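The values are calculated or read from the model by the stated rules, or taken from the named source; none is laboratory data. None of the values given here were measured: they were computed from a predicted structure. Note that each Cβ is placed from the backbone with ideal geometry, even for glycine, and that neighbours are counted across all protein chains shown. Heads up: the accessible areas ignore ligands, DNA and RNA and are worked out on the full protein's heavy atoms, side chains in. Shrake-Rupley method; radii C 1.70, N 1.55, O 1.52, S 1.80 Å.
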Amino acid sequence: MSPSSWAPPIDDVGLVPFGKGFERGLDSRSLCTRGVQLETLAGLGLPVGAGLTIPVPNVPGFTSPDRAKAAMNLLEGIAGRAISSTTESGGLVLLRLSASAPVEAAGLPPDLVCLGLKRSVIPEGLGAQARADLAAAWWKSAAFIAEHALGVPSDELGSLDIDYPDALERLEPFRRLCEEQGSAPFPTKRSQQVAAGAKAMIERWNSPRAARARKKQNLPADLPLALHLETVVVTEHDDEGHGYATSRNMETGGFEPNGSFRHGFRLSGERQMSGHPLDRLPGGVEMLTGVLAELEGRLRSAITVDFEYGPDGLVLVGLEELRRPNARVATSLAVDLVIRGITGEADAVASTDPVHVVELLHPQPKLTGNEVTLATGLGASPGAAVGHLALDSETAVEMAEAGRPVILVMSETTPGDLPGMMAAAGILTANGGSASHAAVVARGMGRPAICGATSLRLDAEARTLASGEHVLAEGDLISIDGATGVAYVGELAIERPSASPSLTTLLGWADDARRLGIRANADNGADASAAVDNGAEGIGLCRTEHMFLGDRLPFVRAVILSHDGDAEEKALAALADAQREDFRELLRAMGDKPVTVRLLDAPMHEFLPSSADELQDEHQARMLEHLHEENPMLGVRGVRLALIHEGLYPAQVEGLFNAWVDVVQADEARPQLEIMIPLVSIPDELVMALRLIRRVNQEVASRTGLVIPFSIGTMVETPRAALMADRLAQWAEFLSFGTNDLTQLTYGFSRDDVERRMLGTYLEKGLLTASPFAELDPDGVGALMEVAVAKARSVRPDIKLGICGEHGGDPRSIEVCERIGLDYVSASPSRIPVARLAAAHARAGVAS
Amino acid sequence: MSDVTLTEEQREALVSLVVRGMARGEATAVQQSLADAGLILVKGPVLMPTPAGTEFVGGLLRLPDDAPERERIMATFHRFLPVNRQLRDLCTAWQVRPDGSVNDHSDENYDADIRDRLDDIDDAVGPLLKRFTEDIPAMGGYRARLTEALEKLDDGDDAWLASPLIDSYHTVWMHLHQQLLLTIGMSRKEDEELEERLVAGAAE
């Protein structure tokens, strides 16, 4: 029967052909997600597959064969083809029944493909592959109907599948099984099959399994279903097939349609990812490229479409908006939409999740072009690692025990290699794919891994690893990149990548939109350079504790434990010289930007010997006993240590001022020095420290002939300091909230103890929704800060106010900082991009 | 090493360790006796089988080539491998989203879909486990262990799907797979190649 002899479609009111729903005033509530997808595609004038939706209100009645028959008649009219007929190319026309809900939902019943099959309608000329696919698809549908519409036990159906691998031989026992254990024989008429399929889908949607899925998504228990009936052409003709196309390259994020296609028909509702690349698609990819660009612009989202192609061209059969694209895609799309004039810069900033940006800055090997590739495999677990080669699990454990980082290299891994995998910093295997057990385990342990590097040859006797021309011995250093799947000979530097062009553009827009300044916590030149590269406008916190450790520890101990004035003075001079070097490197990296240096804050016990072996004499032993503290974190710490050892802070600022003179005289930089006093709770502590600093400033100035400008400020880490911010502001030109200590002292929490012992319970019982050390507490700590801000500004309206704890890089905490009117946040160098974006979001939130 | 005589209790402990690959914690008396016999290595808090221990268990579990049940077991194993692939793909999707980003489990729809698909895999492996157990009674415990992992997963702890450090669904499955390989005497490499052929639909 030729298509032209068919009467015009019978447009039943309860059945909605794809593309006719919106014009009838229907929406997602009755058409559900799949119906809306097809409406969207058809509404843009794009070709869509032949099909119709049974809207939500009509689904219960669709279990009647009469209703199914009416739908089939309508569908035959839409498709211009009879069900069970043979196409011009020798394919067989059958039915596909699928279901969707008003919102994206997991737990939907599977598509039932190849309904309407009778052995008598299979065309003689149908090839072996199409027959095999047809048998597999039909069995899945039939078994589903038998289980859910006829109540046949699933175990029995599973056994049948195992006992009769040949689908044709399975037919008769299947028929008998349905008769014996089902509520009715398996339906033979086409309309009965469709109606039974609908019943099976409804039953499955009402099953405990689907109910669990809805509950897991917090969806209503009575969420309804719509059904969709389409034609499917069983074929293996070279010119007929199906595939999918995604608008974005997931690696780079750029607009670059990609996907795959296969000959034959879609066996299930699940997208088949493997196939031929799109550039080999009959008819080319121009149309798909245009479709994807159009859809991205309309839906403002990265897009995947499913399509079918045949002699009449290409039709779209599915549309998916990528709800949670990766960060590369998200940033690239946001920028592209602005460039196309579809959205504005503010939309682009608002649409990018600050936390997401962290993903873009994961450490990876630094490539210079000179590195030597050892082997390439599949990136199975992201991350980079450098280590010594170990060729079996036991060796890996031994090397790790000896304190050496290890890369475990094996042909393939078995459960017996678990100890080695745990001990290793990274894993490299010659066999296995990115879904191998080894890859699953590596990801579960958070270890970078490459699998399937097939060029690797392991020699267990000679203890060597060969790949191409390279032969390495066990113990040699190698580097792996678990994201790209490339292993390198030797040790590569691991560092965070710089921002992509899209991210750079987006962060530039964020900078235009934010009010808060963004500074970095950086203690050395390398961190300071990284911070500036990431867009930091200054250093908000340079900790000086590390300058007192390592080979400088003896000097500090001499200061604290000494009873000899000369020795103490010499030690202080040595400390001042050493710090001059440290500060010089840091200041050089910062140009003319502000640099806040916090003077020594660590508790005294960190510098004291932990065992008697380290003591030099009996006096030191007596001193050590005398200096013992019950609670060092609240003992002789911060400014208190400087009050007892009056030479400490002068030695530090002498190093700092000298370093400033060095870089200014060398014309390398002219940073704005800000000196910050830690753990102040009595305003006079600040005054005394200021007096010491001014004295040294004048000494260095008169010695060098240079005026060294600096400002003085204090940390606000204790509730008392917050409540006395007005008194502090009489002397301090800036205040920086140290919210880690402020949180500890406001809650009365010892961070380590509470995070280890109590936090789980708090979260479980709903007393806290997040750790207050990760997310600034707006109600308590935030309220104290608000008081401090108001008091400080009442005395000194232009006082600079910032925050320098870990909270400075946390988007929710940044919202609090914006709301209470701080001037800047200071975050770790790697969190600077997050903070820039979060500050723009926070500003937009406050403004709205 | 195959002439070593072990008690039933020692054999069970050694088989369990070889199938699991390792154990953590202090060695039990039985494990210590196996360590004394050179079959187990105690490395700090980690116990692992020595090559001799692994070989011993291989000899213990391996089915003779002419065993009458071998053909049936191999037929069932051929049905197992495609399901094994599905499980590994599912665990991969649980850890890594299709766009390559790490699954942070904040997308309830995505996670619920994976959990839902796990039921298909669990349904498919049920009849296979029943067959295996008919021929290899020692495989009898896996059904209960898989169900236990599922129940813990459904109690709300995501780790019970694929965490390698607990008896998660994937961990138990990996043990099951390992025990099958030891029983039929197949190497990992042969196993991977066979699975590839079966999934591609080329093998009988």
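Lysines near residue A:216 by alpha-carbon distance under 22 Å, same-chain residues fewer than 8 away left out - which ones?
Cα-Cα hits under 22 Å: A:765, B:152.
So what is the calculated 222 nm ellipticity per residue for chain B, using -39500 (n - 2.57) for each DSSP H run with n of 4 or more, over all residues, to the nearest 500 deg cm²/dmol?
Rounded to the nearest 500, it is -21000 deg cm²/dmol.
Grab the Cα-Cα distance for residue A:581 and residue A:668, subtract it from 0.36 nm times how many residues apart they are, and report the gain in nm with one decimal.
29.9 nm
Amide H to amide H, which residues 5 or more places from residue A:449 or on other chains are under 5 Å from it, using H placed in the peptide plane?
Hits under the 5 Å cutoff: A:380, A:381, A:427, A:482.
Quick one: how many Å² of residue A:628 are accessible to a 1.4 Å probe, rounded to 10?
Counting only protein heavy atoms, residue A:628 exposes about 130 Å² to solvent.
As I understand it, the dipole of the protein assembly as shown uses +1 on the Cβ of Lys and Arg and -1 on the Cβ of Asp and Glu, about the Cα centre. Which of A:402, A:430, A:206 lies farthest toward its positive end?
Working it through, the farthest residue towards the positive pole turns out to be A:206.
Estimate the FRET efficiency between residue A:628 and residue B:108 by the formula 1/(1 + (r/R0)^6), using the beta-carbon distance for r and 56 Å for R0, to the nearest 0.05.
About 0.60, to the nearest 0.05.
Set the Förster distance to 22 Å, then compute FRET efficiency between residue B:157 and residue A:755 from the Cβ-Cβ distance, nearest 0.05.
Working from the Cβ atoms, E equals 0.65.
Under a 5 Å amide H to amide H cut-off, with H placed in plane at 1.01 Å, what residues pair with residue A:256 once short-range neighbours are removed?
A:248, A:249
Could you compute the FRET efficiency for residue A:779 and residue A:493, with r as their C-beta to C-beta distance and R0 at 45 Å, rounded to 0.05?
So the FRET efficiency works out to roughly 0.55.
Considering only C-alpha atoms, what is the centroid distance from segment A:81-111 to segment A:628-707, in Å?
A separation of 76 Å, based on Cα centres.
Length gain on complete extension for the stretch residue A:549 to residue A:218, per 0.36 nm per residue less the alpha carbon to alpha carbon distance?
Length difference between fully extended and current span is 113.9 nm.
With every protein chain present, what is the per residue accessible area of segment B:70-200 (1.4 Å probe, Å²)?
Counting only protein heavy atoms, the per-residue value for segment B:70-200 is 38 Å².
Just for chain A, what percent of DSSP beta bridges are antiparallel, to the closest 5?
Percentage antiparallel, nearest 5: 65.
Modelling each spin label as a point 7 Å along the Cα-to-Cβ direction, I'd like the residue A:321/residue B:35 distance in nm, to one decimal.
6.0 nm
Tell me the accessible surface of residue A:366 in square angstrom (1.4 angstrom probe, heavy atoms of protein chains only), to the nearest ten.
100 Å²
What is the sum of charges around residue A:788, taking Lys and Arg as +1, Asp and Glu as -1, for the other residues whose C-beta is under 12 Å from the C-beta of residue A:788?
That sum, taken over residues with Cβ under 12 Å, equals +1.
Roughly how many debye, to the nearest 20, is the charge dipole of segment B:1-117 about its Cα centre, given +1 on each Lys and Arg Cβ, -1 on each Asp and Glu Cβ, and no other charges?
Taking the Cα centre of segment B:1-117 as origin, the dipole is about 160 debye.
Restricting things to alpha carbons, tell me how big the protein assembly as shown is in terms of Rg and Dmax, in Å.
34.6, 112
Calculate the spin-label point distance for residue B:46 paired with residue A:768, positioning each point 7 Å from the Cα along the beta-carbon direction, and give it in nanometres.
The modelled label-to-label distance comes out at 3.3 nm.
Determine the shielding of peptide A:106-114 by partner chains: average, over its residues, the number of Cβ atoms on other chains within 10 angstrom of each Cβ.
Other-chain Cβ atoms within 10 Å of each residue's Cβ, averaged: 2.
Short version: ³J(HN,Hα) in whole Hz for each residue of segment A:202-213, in order, from phi by Karplus 6.51 cos²θ - 1.76 cosθ + 1.60 (θ = phi - 60°), x for Gly and Pro, what are they?
Computed from phi, the couplings for segment A:202-213 are 5, 4, 5, 5, 8, 6, x, 4, 5, 4, 4, 4 Hz.
Divide by every residue of chain A the summed helix terms, -39500 (n - 2.57) for each DSSP H run of at least 4, and state the resulting mean residue ellipticity at 222 nm, rounded to the nearest 500 deg cm²/dmol.
Only helices count here, giving -12500 deg cm²/dmol.
Please calculate the 1.4 Å probe accessible area of residue A:27, with all protein chains present, and give it to the nearest 10 Å².
50 Å²
Is segment A:53-201 rounded, prolate or oblate when judged by the Cα gyration tensor, a ≥ b ≥ c being the square roots of its eigenvalues, rounded requiring a/c under 1.5 and prolate requiring a/b larger than b/c?
Here segment A:53-201 falls in the oblate category.
Which of A:574, A:711, A:676 sits farthest toward the positive end of the charge dipole of segment A:544-711, with +1 on the Cβ of Lys and Arg and -1 on the Cβ of Asp and Glu?
Sorting the options by dipole projection puts first A:711.
Against the longest alpha carbon principal axis of chain A, how many degrees, from 0 to 90 and to the nearest 10, is the axis of helix A:501-513 turned?
The helix A:501-513 is inclined about 60 degrees to chain A.
Identify the trypsin sites (Lys or Arg not before Pro) of segment B:40-104 meeting these criteria: DSSP loop state and at most 15 other C-beta atoms within 10 Å of the C-beta.
Answer by residue number: B:62.
Placing unit charges on C-beta atoms (Lys and Arg positive, Asp and Glu negative, everything else neutral), compute the dipole magnitude of the protein assembly as shown about its Cα centre in debye, rounded to 20.
2740 debye
What are the ³J(HN,Hα) couplings of segment A:58-65, residue after residue, when phi is run through the Karplus curve with 6.51, -1.76, 1.60 and θ = phi - 60°? Round to Hz, x for glycine and proline.
Computed from phi, the couplings for segment A:58-65 are 8, 5, x, x, 6, 7, 8, x Hz.
Could you tell me which of rounded, prolate or oblate describes chain B, using a ≥ b ≥ c as the square roots of the eigenvalues of the alpha-carbon gyration tensor, with rounded for a/c under 1.5 and, failing that, prolate when a/b is larger than b/c and oblate otherwise?
oblate
Can you give me the C-alpha center-to-center distance between segment A:391-458 and segment A:42-77, rounded to a whole angstrom?
53 Å
Determine which residues of segment A:752-789 fall in the zone a paramagnetic label at residue A:740 would reach in this model, i.e. backbone nitrogen under 11 Å from the point 7 Å along Cα→Cβ.
From segment A:752-789, the list is A:752.
Considering the options A:465, A:390, A:380, tell which one lies farthest towards the positive end of the dipole of segment A:363-495, charges being +1 on Lys and Arg and -1 on Asp and Glu at the Cβ, about the Cα centre.
Farthest along the dipole direction, towards plus: A:380.
Enumerate the residues in segment A:178-222 having an amide nitrogen under 19 Å from the point lying 7 Å beyond the Cα of residue A:119 toward its Cβ.
What the label zone holds, given the 19 Å backbone N cut-off, is A:178-180, A:185-190, A:193.
Would you kindly state how much longer the chain becomes between residue A:342 and residue A:129 on full extension, computed as 0.36 nm times their sequence separation minus their alpha carbon distance, in nm to one decimal?
Computed gain between residue A:342 and residue A:129 is 72.1 nm.
Carbon and sulfur together cover what percent of the accessible area of segment A:384-494 at a 1.4 Å probe radius?
48 percent
Quick check: the distance between the Cα centres of segment A:463-527 and segment A:784-848, to the nearest angstrom?
Measuring centre to centre over Cα atoms gives 29 Å.
Hey, what do the phi angles of segment A:807-820 turn into as Karplus ³J(HN,Hα) couplings, whole Hz, using 6.51/-1.76/1.60 and θ = phi - 60°, x for Gly and Pro?
Calculated HN-Hα couplings, in order: 4, x, x, 9, x, 5, 5, 5, 4, 4, 4, 5, 5, 8 Hz.
For chains A and B, what's the summed buried accessible area, probe 1.4 Å, to the nearest 100 square angstrom?
Buried surface at the A/B interface: approximately 4400 Å².
Would you mind checking A:366/B:43; A:69/A:140; B:130/B:189; A:570/A:800 for any pair whose Cα atoms are more than 31 angstrom apart?
A:366/B:43; A:570/A:800
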